[in-house]
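The values are calculated or read from the model by the stated rules, or taken from the named source; none is laboratory data. Please read these numbers as outputs of a predicted model, since none were measured by experiment. In this analysis, Cβ positions are derived from the backbone assuming ideal geometry, glycine residues included, and neighbour counts consider all displayed protein chains.
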């Protein structure tokens, strides 16, 4: 069976530099949009360039955790309201946060 011919365009040195510079501060999707490439391709290229996995990027991980927490809280409060439950019975939201 013949080996399929790759239609992917090679990465340029400029694109490699964008990946290196943005890896710790941007999401893979954001970098992919900037370069006009598929996110999986960007992640693969980052590995080829020797960049560490995304879990080592604390700024990116922290922003994702904050966003996920906010989504969870909104879903929980909506579910409680549907069932007639008060989110913080007898306490203000500020008192709970303190």
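Just checking, how many residues over the stretch 49-98 are at pLDDT 75 or above and outside any helix (DSSP H, G or I)? Residues in the stretch 49-98 being at pLDDT 75 or above and outside any helix (DSSP H, G or I): 8 in total. Going through (1) more than 20 Å from residue 65 (Cα to Cα); (2) surrounded by 13 or more Cβ atoms within 10 Å (Cβ to Cβ); (3) at pLDDT below 90 one by one, residue 16 falls short only on (3).
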